[in-house]
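The values are calculated or read from the model by the stated rules, or taken from the named source; none is laboratory data. Keep in mind the model is a prediction, meaning the values are calculated, not measured. Every residue, glycine among them, receives a Cβ derived from its backbone with ideal geometry; neighbour counts consider all protein chains shown.
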Amino acid sequence: MNSNRDLTWQLSESHYLLKDTWATIRVDTCIKPDGHVITPYYVYEFPDWVTALALTQDGKVILEKQYRHALGVTMYEIPGGCVDKSDPSLEYAIARELREETGYVFEKFHYLGKTSANPSTNTNLMHMFVAYNGVQSAEQELDAGEDLEVLLVTMDELLAMFKRGDFVQSMHVTAICYGLMHLGKLQLG
């Protein structure tokens, strides 16, 4: 039941409404294949992100607890952050983020794939990893806007938290799900 019809929109016009460190908003005028004009169409430009289900040498899972102002709640998440322009690779970016946020360094990484927070409006992707054999080697090096607690939980505790719905950040839920499937801890079907 696949169709070969091209559904791609043509970009007719584009300009920036806002360009700032953490918010870049573009306004596009697009033409659908049937000729219908869509305007304004708002696009939010973000850098790509990385996140990891991070495992310590003794098999614990590293979680973070931090306040998220937009929702006004403190929540559990897995470590991660923005891919910097100076990062030579995605693996370098997640290793850097893990070191900065948790103080842990890791022996190896397994790439799980990518996901999008909202492909209808956001330009970026979240790249997901499992990080293996983490050892704490330094103190946290948090950015000015970061304030988080690092928590170590067992795999059983993580599974219980996951099943209870303790994780709200959708891309982290996705990364945890893929990570658990990769590790053989979660079966679908």
Taking first residues from the stretch 70-96 that are among the aromatic types (Phe, Trp, Tyr) and part of a loop (DSSP other than H, G, I, E, B) and second residues anywhere that are modelled with pLDDT under 95 and surrounded by 18 or more Cβ atoms within 10 Å (Cβ to Cβ), the pairs with Cβ under 9 Å that are 6 or more apart or on different chains are none
The residue that is surrounded by the fewest Cβ atoms within 10 Å (Cβ to Cβ), considering only those in the stretch 67-92 that are farther than 12 Å from residue 127 by Cα and acidic (Asp, Glu), is 84
The strands (runs of 3 or more DSSP E) lying wholly within the stretch 1-59 that contain at least 3 residues that are among the aromatic types (Phe, Trp, Tyr) and either modelled with pLDDT of 95 or more or over 22 Å from the mean Cα position of the chain (by Cα) (or both) are 37-45
Only unsatisfied item for residue 99, checking (1) surrounded by 12 or more Cβ atoms within 10 Å (Cβ to Cβ); (2) farther than 28 Å from residue 21 by Cα; (3) basic (Lys, Arg), is (2)
Within the stretch 1-17, residues farther than 22 Å from residue 35 by Cα, surrounded by fewer than 11 Cβ atoms within 10 Å (Cβ to Cβ) and of a type in the set (A, V, I, L, M) come out as 1
